[in-house]
Amino acid sequence: MGEFRVHHVRFFEYQPKPIHCLAYEKNNKQLAVSRSDGSIEIWLPESDWLLEKVISGRSEQSVEAIVWQGKRLFTAGLGGDVTEHDLLSLEPKNSEPCNAGAIWCLTKNFTGTRLAAGTEDGCVVLFDIEMGQLKYLQSFGKQEGRIISIAWHTQEGVIVTGGVDNIRLWSVKSGQAIQRLTLGHQQENQETIVWCLAITSNMTIISGDSRGKTCFWNGRQGTLIKSFSSHKADVLTLSINEEEDCVFSSGVDPLLVGFEFVTTKSGVGNQHWVQSTTENIHKHDVRAVCFLPNCIVSAGIGTNLCLTQRRRDETISKRIAHIPQNIVHVAKEKKMVMLRYTDYLEVWKLGHTNFTSEKDGEILPLRSNPVKLLQLKCKGQATILCCGISNNGNHIAYCDEHNLRIYQLSVDEENYTPKVELTKITMAREDLRVPIHHLEFTPDGRFIVTATASGYLQLTEINEDRAHVANTFNVFADGITMLTMSPTGNCIAVVSGDHTISILNITNNRIECNLPKYDHPPRTLRFSPSGEDLVIAYSNNMIFEFDVDKKEYTTWSRRESRRFPNQWFKRQNKVCRITFDPRNDDHLVLQDNMAFVIVDKSKTMPEKKKRIFEKWYKPKKEDAFHQCKKYNFLVYVELLEDDWMLIVERTPLAILNNLPATLKQKKFGT
Amino acid sequence: MAALMDEFVLADLSSKFNILSIERSLSSNNILATFEAGFINEYNVDDQKLIHSWPLRHGVNVTSPVIWCDEEEEYICVFNQQEIRRWNVDDNIIDKTKKKKIKTDIYKLFTTEGYKPIVLCKNGAAEFIENIKSVCETPVIGSQDTIVYADIIKKQNGFGVIYLVESKNKITLHCQWYLDDVEQWKHQTFVITYQKTVLDYCCHTDENFNNCLFLLGSNKDLYRIDINESGTEEEFISVIHELGTEASIVCLDNSQIVIAGLHKKGQNGVGIFDTKYCAVQSFKPFPEICRVVPRVFCLNNHIFMNCGKKLYAFPYQFGTSTLSEFLGKSRSVEDTTNSSLHIINWSTKVKNKGNNTVKQLENILNDLIDPSKTQNKNKFSDQFKIFLECLMKGDNSSSISSLQMIQLCQRCLSERKFWPCGELRQLLNHGYISSGISSELIEVLIEKKENSLLHLSLQKLSEIPEACLIQILQYYIGLSDEDFEKNLDIDISTVIEVNQDKCPFGALKAHLIREVLSQPFSDIFLIDKLRKLNFKNVLSLLDFLFYLMATDDNQAVSFSTRPQLQNVIDWISCTIDAHVTQLILSPDARVLLIKLHEAVSQQTQFYDGMIELEALLSQYKSKLSNPIKPKIGQYCIEVLHIY
């Protein structure tokens, strides 16, 4: 039963985007991450790094700075606007221009009533964000050259800005520059750009510049306290902790260099900033560093979030790679795969073979090769938010910011080269709620269930060449974060913004039941092939199975869910997709980013302390857990009929090959 | 027995382009020679004339050789892997002829009587030329696999395209059978157990539709695979010791193959190897030094071979081999004493000085051979000294034929007035005594009890007849240890110590008998001659052989000492075979035979243990070999076993 014939797909050229900014909100325990395409992700570090929300980017939008103010999220970019985002509907809520060209940097005051933006024109622009508003307030006097970095010292009423060759101190009261700190040139005629700034409560200004130096200045006197040639190239980012005794900086030279404020002898005058640790965990430019309560997060061109923790004088590094869910869809009946890119879709017909083999790893000769049937590009420069393909492959649908588009797909496979016809189905838009963030076809392909992040759930009926909204539910005030359709087509399971899981009957428009609430938010959920059970994977890797008819956890779940081995809950990569073996109802296939595990419900659970996921552990047939670590970066695992399995893999090497070049450094022996 | 005749030059070859193949053409006298680029030529073999030549455009490479299709009456070949070109006799410019392009690389084109041309693609797809486009893009073999050899074979109701595929150091045989009755193709795959590096392949179908494929390994193995629809039978035929480093083969019939690249008698050449008797039956040296890899083709009762810058044709006579023909080869050659003795100088550059030396040599030799001119020992010795000095100078030794040296030896052996012991020793030491006279020499040496010379002969002569070996054995066993010590100068340090309690002979005697046992022999002839050994000596010999095999003394016999264990076992088998009746009847032999049986059982047990060990070690080896990660590419269907 553990033998499969695998469609091993590597033609999906998914490329995650580089990270530009990081901002952590300590009260809500949320980390905002912006990427080069303007998208903003909200992560929950406390919930095992669950990606809670994604505000999709627009092509014209760039995000150069993020600022949290309580639960409000502000971004600013080269468009010249400061934007506040609605975290429920995942749309821009408010936007205000700075009237001074592109914004390079943004900061807020300690009380959270003002925002200050550093602009292309060289002036600091203040915004009023009191009482839930966002308003242009005032612009300071212009300086020569753009302002690249900014920091605000509220008590002293001073804003510090960094630009080309200088650091300026501005009086918030007067709007005038009160001090100018000049930076030297490393080479003649080569400007020094101050890429990043921070200020401590005792007016110590910390700057990172294009010479690769991290400098500590006395802000009151305007003198340089200490300068460290910490990097071989530009220092792009630095961050200071809450206690103001530790600074980390990084940049084009991706070393993460730490500085500590140490006391050499007793007395105030004997405190110095010293360079302490150096971590070499990045290969590409680091664009942002951020302190979290128990670790440091750094990210950049390398697209992954890197966590650095210190435990008992030992540094532990961890990478968090994110592959978005629902970017691969499969039409099981027609063996077609739909791949979602930022602004286009691809539909592929999988290859075929009649051969079988008993040898593990053997590549079977193909009777037919995979064929790209379709590439469907979005109109204009829209971004695809979600998409789907019906099980019989007859319909495909996708949604951008403003529209839901449905197409009828007919493939004539009689010819050697399949003939593909795509017919647009006209959508009656009157009642449609957009932007749609979740989309699922019913198993018969006649209906599409759509959900907006703000909580609207709609049922769209497809009648030959027309489609219209048949029903609308608006019962989820906290918004909808996840949606899954039952294989029987009459139920859907919805995860709302407060992490409640509800089962909704779409035939009688009733919420059948809410699942018992668990301490952790759900990461993924899926109905079993019979539609009787709903399997949920929570952010801590807890697996529950819920009987939809009896409205209670199944016997297996009550008996075994909490008896999963300890090592299961400590796995670095958590379950992000669930699928089922059509040959055996007892088999659950749980996929994470690096491996998938088959859980046999009929087998006894191993002991709690048993280490079953170690390299040296040789699984036996009677074990309940069987892990496959053969694939490197799993985008999608799905079991098709009989012994067929679809695995979409995007190797780290393939992602790495598409990234820009790194800083060339001489290495010994090269 | 098939035999090669004298060769003739068919055509001059261009040094730029390698010859790809020689195929039959429209007429039975004509052949088609395809080169990688440049030209396609048609020659008449009978009068060695170039009949047709089609020039090829620059940039065009012929990747599958030109074939003549009787059905369509046209020539067909493949350009640049994918372009099929067809033309008839009247077309002079290939560029203007019909072309068909397919999307997959073609490996080879084939024709067979009664069928349209067949195309074999590099991905393993095979189909008639008309339908190839529909199947060529469906691979039969993996993308990493490569076809190393392909040919066409016939069967009662159709034909088959066979090809060998190499993948991950594994060779598999694929057969695409075309069945007339259903007009369909059937694909079969067989795994070949022979997994060593192969120099060349050839294939043959006889009139009863028996198909066989020969594989010539780089380690000189010849391997045969019989192919039919129900499966394959593999058979190791023989090790061809005469094989050089590079060779090419072609089949004459099911048992005779032509091998170009044999090394025999210090010369490289082409020969016919008989797989039934595992021997080279006809050999011709290469007409000129062959600096390229020889390629051999068989067509219209001629063997064609590229050698140097020329294409040679060897006509051959076909015939089946018989055992008597092979054995006849070992009979002694007719005595040609009556033929006049002339030293022939083949050098084209005639030099007076050189000519004089040869003349002088001839005169001295004639004096030495003629008893009337060298009557006494002194005169003979003087002349011999001058002759030897002369012979050692330059390349004079090549001017003397072996026949003349035989005559000189015969003079030495037959001389009644004196015994030219020293002269014979010198002749032996310099290797001037040919194997033709060895039996006569040994007979005389035994007669004269010249133990020292006899020992030297054993060391120096390369081919001692089996009869002589038995004679020597008989003589050695009959001698006492004291006799040896008197009349033998031998380096004592080389003599292996023996266990006096167990060994039936003294150390010196045992050493010399070992020398005899180490000589090469053929068991067919040895059994015959062993019968002449008297029974008492047979028992002594068996006793000694038992000592060699069974003794714990590690110096007695092993894989490295002479004789090797294999030789000892062969000698025991032959001795017992030759005297089986006497050994059964004689009560003296009983104890010895029981002891021998015990020793053989012990050896059998030992080798059984070795077989088990070999299996175990081979398993370890296969487990320890570094796994090669298959290249997946963009997409594949693979087998996954999770538990």
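Just the Cα atoms of segment A:141-233, one point each, no solvent: what log10 I(q)/I(0) does Debye give at q = 0.12, 0.23 Å⁻¹?
So the normalised log intensities are -0.33, -1.18.
What's the Kirkwood radius of segment B:478-634 in Å, using all Cα pairs?
18.3
With n ≥ 4 as the cut-off for DSSP H runs, can you work out [θ] at 222 nm for chain B, using -39500 (n - 2.57) per run divided by the number of residues, rounded to the nearest 500?
Taking each H run of at least 4 residues, the total per residue is -9500 deg cm²/dmol.
Between segment A:223-284 and segment B:137-175, how many Å separate their Cα centres?
Cα centroid to Cα centroid, the span is 66 Å.
When ranked by the protection proxy of mean other Cβ atoms within 10 Å per residue, highest first, what sequence do the peptides A:214-225, A:63-74, B:621-632 form?
Top to bottom by mean Cβ count within 10 Å: A:63-74, A:214-225, B:621-632.
Give me the log10 of I(q) over I(0) for segment B:106-148 at q = 0.17, 0.20, 0.28 Å⁻¹, as the Debye formula computes it from C-alpha points; what are the numbers?
-0.44, -0.58, -0.95
Using alpha-carbon pairs under 8 Å, 6+ residues apart, how would you state the relative contact order of segment B:487-643 in percent?
21
In vacuum, with every alpha carbon of segment A:304-445 counted as one equal point scatterer, what does the Debye formula give for log10 I(q)/I(0) at q = 0.09 Å⁻¹? Two decimals, please.
Log10 of I(q)/I(0), two decimals: -0.42.
Taking a ≥ b ≥ c as the square roots of the Cα gyration tensor eigenvalues, with a/c under 1.5 meaning rounded and otherwise prolate when a/b beats b/c, else oblate, which class fits segment A:61-116?
Since a/c reaches 1.5 but b/c is at least a/b, the shape of segment A:61-116 is classed as oblate.
What does the helix-only formula give at 222 nm for chain A: each DSSP H stretch with n ≥ 4 adding -39500 (n - 2.57), the total divided by the residues, and the result rounded to the nearest 500 deg cm²/dmol?
-500 deg cm²/dmol
What number results when the radius of gyration of chain B, computed over Cα atoms, is divided by 2.2 N^0.38 Å?
Here the answer is 1.24, to two decimals.
What average number of partner chain Cβ atoms lie no more than 10 Å from the Cβ of the residues making up A:353-365?
The mean count of partner-chain Cβ atoms within 10 Å per residue comes to 5.
In nm, give the distance between the simple-model label positions of A:Asn28 and B:Lys116, each being 7 Å from the Cα along the Cα-to-Cβ direction.
According to this spin-label approximation, the distance is 7.2 nm.
Within a 10 angstrom radius of each residue's Cβ in B:628-637, how many Cβ atoms of other chains show up on average? Whole number is fine.
Average per residue, whole number: 6.
Using only the alpha-carbon atoms, how far is helix B:377-392 inclined from the longest principal axis of chain B? Give it as 0 to 90 degrees, nearest 10.
20
Which value results for Rg/Rh of segment B:81-231 when Rg is the Cα radius of gyration and Rh the Kirkwood radius based on the inverse mean 1/r?
0.99
Where both partners of a DSSP beta bridge lie in chain A, what percent of those bridges are antiparallel, to the nearest 5?
95
What is the Rg over Rh value, at two decimals, for the protein assembly as shown, using alpha-carbon atoms and the Kirkwood definition of Rh?
1.14
Using only the Cα atoms of segment B:156-286, construct the convex hull and provide its projected area averaged over every direction, in square nanometres to one decimal.
For segment B:156-286, the mean projected area of the Cα convex hull comes to 8.4 nm².
With N residues in segment A:221-302, what two-decimal value do you get for its Cα radius of gyration over 2.2 N^0.38 Å?
Relative to the rule-of-thumb radius for its length, segment A:221-302 sits at 1.16.
Using only Cα atoms and rounding to the nearest 10 degrees, what angle (0 to 90) does helix B:535-550 make with the longest principal axis of chain B?
With rounding to tens, the tilt is 60 degrees.
For segment B:588-642, what size does the Cα cloud have along each of its three principal axes, sorted from largest down, in whole Å?
The principal-axis extents, from largest down, are 80, 18, 18 Å.
For segment A:466-562, what percent of Cα pairs sit more than 18 Å apart?
Above the 18 Å cut-off, segment A:466-562 has 44 percent of its Cα pairs.
Taking every eigenvalue of the Cα gyration tensor of segment A:1-40, multiplying by 5 and rooting it, what semi-axes result, largest first, whole Å?
Output for segment A:1-40: semi-axes of 36, 18, 5 Å.
Please state the shape class of segment B:442-487: rounded when a/c is under 1.5, otherwise prolate if a/b exceeds b/c and oblate if not, all from the C-alpha gyration tensor.
Prolate shape, in that a/c is at least 1.5 and a/b is the bigger ratio.
In percent, what relative contact order does chain A have, based on Cα pairs under 8 Å that are 6 or more apart in sequence?
8
Which peptide among A:377-384, A:443-450, A:389-396 comes first, and what is the full order, when sorted by highest mean count of other Cβ atoms within 10 Å?
A:389-396, A:443-450, A:377-384
Which order, highest average first, do A:344-350, A:425-431 follow once you tally other Cβ atoms within 10 Å for each residue and take the mean per peptide?
Ranked from most to least packed, the peptides come out as A:344-350, A:425-431.
Once the Cα gyration tensor of segment B:74-117 is found, what semi-axes does its equivalent ellipsoid get, as square roots of 5 times the eigenvalues, in whole Å, sorted largest first?
17, 16, 7
Using only Cα atoms, what Kirkwood radius does segment A:72-218 have, in angstroms?
Computed over segment A:72-218, the radius equals 15.6 Å.
Give me the percent of DSSP beta bridges within the protein assembly as shown that run antiparallel, rounded to the nearest 5.
100
FRET efficiency for A:Glu622 and A:Lys93, Cβ-Cβ distance as r, R0 = 60 Å, nearest 0.05?
About 0.60, to the nearest 0.05.
Tell me the volume per residue, in Å³, of the convex hull enclosing the alpha carbons of segment B:374-511.
127
Can you list, bin by bin at 10 Å, the percent of alpha carbon pairs in segment A:366-467, starting at 0?
P(r) for segment A:366-467, in whole percents per bin: 14, 45, 29, 10, 2.
If a/c stays under 1.5 just call it rounded; otherwise compare a/b with b/c (prolate if a/b is bigger, oblate if not). Do that for segment B:57-140, with a ≥ b ≥ c from the square roots of the Cα gyration tensor eigenvalues.
oblate
As a test of the definition: which semi-axes, in Å, follow for segment B:428-509 when you take the square root of five times each eigenvalue of its alpha carbon gyration tensor? Largest first, please.
Semi-axes from the Cα gyration tensor: 24, 14, 12 Å.
Counting only other chains, and only Cβ atoms inside 10 Å, what mean value do you get across the residues of A:2-9?
That works out to 5 on average.
Residue by residue, what Karplus-based ³J(HN,Hα) values in Hz, rounded to whole numbers, does segment A:457-464 have, using 6.51, -1.76 and 1.60 with θ = phi - 60° and x for Gly and Pro?
Result, ordered by residue: 10, 10, 10, 10, 9, 10, 10, 6 Hz.
Can you give the accessible area of A:Leu459 in Å² (nearest 10), computed on protein heavy atoms with a 1.4 Å probe?
The accessible area of A:Leu459 comes to roughly 20 Å².
Ignoring ligands and nucleic acids, what accessible area does B:Phe273 show with a 1.4 Å probe (Å², nearest 10)?
Accessible surface of B:Phe273 is approximately 0 Å².
Taking a 1.4 Å probe, which of B:Tyr223, B:Tyr163 shows the most accessible area, and what order do the others take after it?
Accessible-area ranking of B:Tyr223, B:Tyr163, largest first: B:Tyr223, B:Tyr163.
Mean shadow of segment A:424-501, computed from the convex hull of its alpha carbons, in nm²?
4.9
Output the 0 to 90 degree angle, nearest 10, between the alpha-carbon long axis of helix B:466-478 and the longest principal axis computed from the alpha carbons of chain B.
The angle comes out near 30 degrees.
Compute the Rg to Rh ratio over chain A from the alpha carbon atoms, using the Kirkwood formula for Rh, and round to two decimal places.
Rounded to two decimals, Rg/Rh equals 1.00.
Just to check, using Stokes-Einstein with a Kirkwood Rh over alpha carbon pairs, what's the diffusion coefficient of segment B:179-250 at 10 °C and 1.306 mPa s in µm²/s?
116
The values are calculated or read from the model by the stated rules, or taken from the named source; none is laboratory data. What you are looking at is a predicted structure, and each value in this text was computed from that prediction instead of being measured. Ideal geometry is used to build each Cβ from the backbone, glycine not excepted, and the neighbour counts take in all protein chains shown. Heads up: the accessible areas ignore ligands, DNA and RNA and are worked out on the full protein's heavy atoms, side chains in. Shrake-Rupley method; radii C 1.70, N 1.55, O 1.52, S 1.80 Å.
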